[in-house]
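*Asks:* The structure's right below; bear with me while I get my questions together.
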Amino acid sequence: DILRKHNCDYIIDQKYAKENTAAQYDKLVPNKCIKLLGPQYAILSSDYKNNKINKSKSFNILFSLGGGGDLNIIRKIISKLANEKIVLQVVIGPLSRGKKEIKELAKKHKSVQLIENAPTLYPYYKEASLFIGTLGTSFYECRALKIPSITFSTAKNHEKNNKELSYLEDYGHYLHLNLNELQVTDSMVSLILLISGKIKRIRELSNKAIINVDGFGANRIASILCGYEKAIEINYTPPEVPGENFQYINSNLAIEEVTDTDVNHYLYARNLQKNRQNMIVNQPISKLEHYNWWFNNQRKSYLLKKNNERKLYIWHQNMLFKENDYLIGGWFVCENDDTSFEVSSAALDWQLKATAKIYPNSVWIAIIKKTNKYVNLLNKYMGFVEVKKGDKEYFAIKKFFNNPSFNEYNFVKYIFKAQEI
C-alpha cells in the first residue's frame with residue numbers, strides 16, 4: 001500500500017478507485033510530480049499483450065494463493081473435486097504452507113497437477129477455464145485474459161462488503177468471497193461445479209467490464225519516463241447505461257430486467273435489516289449461499305429506478321400446485337431509507353399488469369407479516385383479498401412459502417380482472 005506521502009518526480013500506482021482514481025495522490029505528492037495512476041499502468045509481462053485464450057478440451061481450474069498462503073485452505077475443495085472430469089492445477093509458492101499435504105493428494109489423483117518454481121504462470125493462465133485464488137497480483141493477469149474467477153480476501157483491508165467492492169465489478173469480476181466461506185467445503189464444491197456447467201454465462205460478465213487491463217502498462221510507463229509521450233488522465237466515471245428491457249413506467253420511474261451484473265447488489269439489498277425483518281428467513285445470507293442460489297434460480301427479477309437511482313427489486317415466479325397455476329413474488333428496497341407509496345405502488349401495479357399478459361390463468365398468492373401495516377395496506381389498495389383456511393390457495397401458500405404461520409402472516413391472493421388480461 002503506497003497511498004501515503006511521497007517526495008518524488010513520478011508516482012506509479014495501478015490501483016483503481018472509480019472517479020477518484022486520478023485524485024488519489026493530490027495531497028500526497030509535490031505539485032510537480034507526474035502521476036501515472038490507474039489500471040492502464042498495471043505492470044504485467046509482455047506476454048499479456050496477446051490476450052487470446054487457448055481453448056482446452058478439458059475444464060481446467062487454476063488455484064493460486066500467491067507466493068505464500070496456506071494450501072490447506074483449498075486442499076479439502078481440491079480433494080472433493082479430484083474425481084470429477086476436471087483438471088486441477090495448483091500453484092505452490094516458495095512460502096506456501098501445507099505443501100506436504102497437497103503433494104500427497106497429487107500422488108493419489110492424476111487430475112491434481114502441481115506447479116512449482118515456474119518462471120511464469122502465463123501458459124497456465126492461458127489454459128485456465130476458471131481461476132480460484134486470492135485477490136492479489138494474479139487479479140490483473142486474470143483480467144487481462146478475461147478468465148472467469150472466484151476470488152477471496154486474506155487480508156483484513158480486503159474484507160469489505162459488496163457495496164464497497166463494486167470497483168471489482170467495473171473490471172467485469174463479480175464472484176468474490178470472504179475467506180471463511182472457503183471452509184464451507186460442500187457449498188464451495190457445489191458452486192464450482194455449477195459454474196463449470198454455466199461457464200459461457202460467467203464469461204459474459206467479463207464482457208461487461210468498463211475497465212480493461214492489458215500487457216502494455218510497462219510500455220506506457222517507459223514511454224512517459226523517456227519523454228516520448230505525456231501522461232493522460234483518464235476519466236473513470238462509469239457511464240450510465242440503461243439495463244436490459246429498460247422501460248419507463250412514468251416520467252421519473254423506470255424498470256429494467258435484473259441481470260447477472262446485479263448479483264452482488266441484489267444480495268446487499270436483500271440483507272438490509274429493513275428487508276430481513278419482514279422475511280420468513282430473516283438471517284443474513286452469505287455470498288457463497290447467494291451465488292449457489294443465483295445461478296440456479298428461476299425467478300424473474302426486475303429493478304425499479306427513480307431518476308436513475310436504484311429504489312427496489314421486485315420479482316415473481318410461476319408455480320404449479322395440484323394442477324393449478326400460481327404466481328408468487330415479492331419486493332425489497334435497495335437502501336434503508338423509506339420507499340414512497342408512489343414507488344412501491346407503481347412497481348406492484350406494473351408487475352400485476354405485466355404478469356396478467358404472460359400468465360392470464362395464474363392466481364397471485366402472497367404472505368404479509370401482520371405487523372407490516374404498510375404492505376398490508378398497499379396490497380389491499382391494489383386488490384389483494386384474504387385467503388381463508390381450507391381454500392385451495394391456503395395449501396399452495398403453505399407449500400411455496402415453507403409452511404408459514406397463519407397467526408403471524410396474512411395469507412392473500414389476487415385474481416386477474418378480465419380487462420387486465
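Throughout, read-outs are computed from the coordinates displayed, never taken from laboratory work. On a predicted model such as this, the values are computed, not experimentally measured, just so you know. Every residue, glycine as well, gets a Cβ built from its backbone with ideal geometry; the counts of neighbours run over all protein chains shown.
*Asks:* Between the DSSP loop rule and a limit of at most 13 other Cβ atoms within 10 Å, which GluC sites (Glu not before Pro) in the range 244-350 are left?
*Replies:* On the way: sites: 244, 256, 257, 289, 309, 323, 335, 342; in loops: 323, 335.
Of the GluC sites (Glu not before Pro), the ones in loops of the range 244-350 whose Cβ has at most 13 other Cβ atoms within 10 Å are 323.
*Asks:* Identify which of 336, 275, 51 has the largest mean-square fluctuation in a Gaussian network model of the chain, with springs joining Cα atoms closer than 10 Å.
*Replies:* 336
*Asks:* Then there's this: Which whole-number percentage describes the relative contact order of the chain, with Cα contacts under 8 Å and a sequence gap of 6 or more?
*Replies:* Numbers: 655 pairs, mean separation 50.5, N = 421.
Relative contact order comes out at 12 percent.
*Asks:* Sorted from fewest to most neighbouring beta carbons within 10 Å, what does the list 382, 279 look like?
*Replies:* Values: 382 15, 279 12.
Going from sparsest to densest Cβ surroundings: 279, 382.
*Asks:* Between the range 183-201 and the range 13-47, what is the separation of their alpha carbon centroids in Å?
*Replies:* Value for the Cα centre distance between the two parts: 35 Å.
*Asks:* Give the residue from 58, 247, 29 lying farthest towards the positive end of the charge dipole for the chain; charges sit on Cβ (+1 for Lys and Arg, -1 for Asp and Glu) and the dipole is referred to the Cα centre.
*Replies:* Of the listed residues, the answer is 58.
*Asks:* Here's another thing I want to ask about it. Please give every one of the aspartates and glutamates within straight-line cross-link reach of residue 146, meaning a C-alpha to C-alpha distance under 18 Å, and leave out same-chain neighbours fewer than 8 residues apart.
*Replies:* 47, 127, 169, 170, 204, 214, 260
*Asks:* Then there's this: Using θ = phi - 60° and the Karplus curve 6.51 cos²θ - 1.76 cosθ + 1.60, what whole-Hz ³J(HN,Hα) does each residue of the range 45-52 get, with Gly and Pro shown as x?
*Replies:* Per residue, the Karplus-derived 3J(HN,Hα) values read 4, 4, 4, 6, 5, 9, 9, 7 Hz.
*Asks:* Mind checking which lysines have their C-alpha under 26 Å from residue 230, skipping anything on the same chain fewer than 8 residues away?
*Replies:* 5, 15, 18, 27, 32, 35, 49
*Asks:* Can you say what percent of the DSSP beta bridges in the chain, counting only those with both residues inside, are antiparallel? Round to 5. Before the final figure, lay out each step's value.
*Replies:* Working: 34 of 64 bridges.
Bridges in the chain that DSSP calls antiparallel: roughly 55 percent.
*Asks:* Going by how many other beta carbons lie within 10 Å of each one, how would you line up 285, 421, 255, fewest first? Show your work: numbers first, answer last.
*Replies:* Details: 285 13, 421 10, 255 22.
Lowest to highest Cβ neighbour count: 421, 285, 255.
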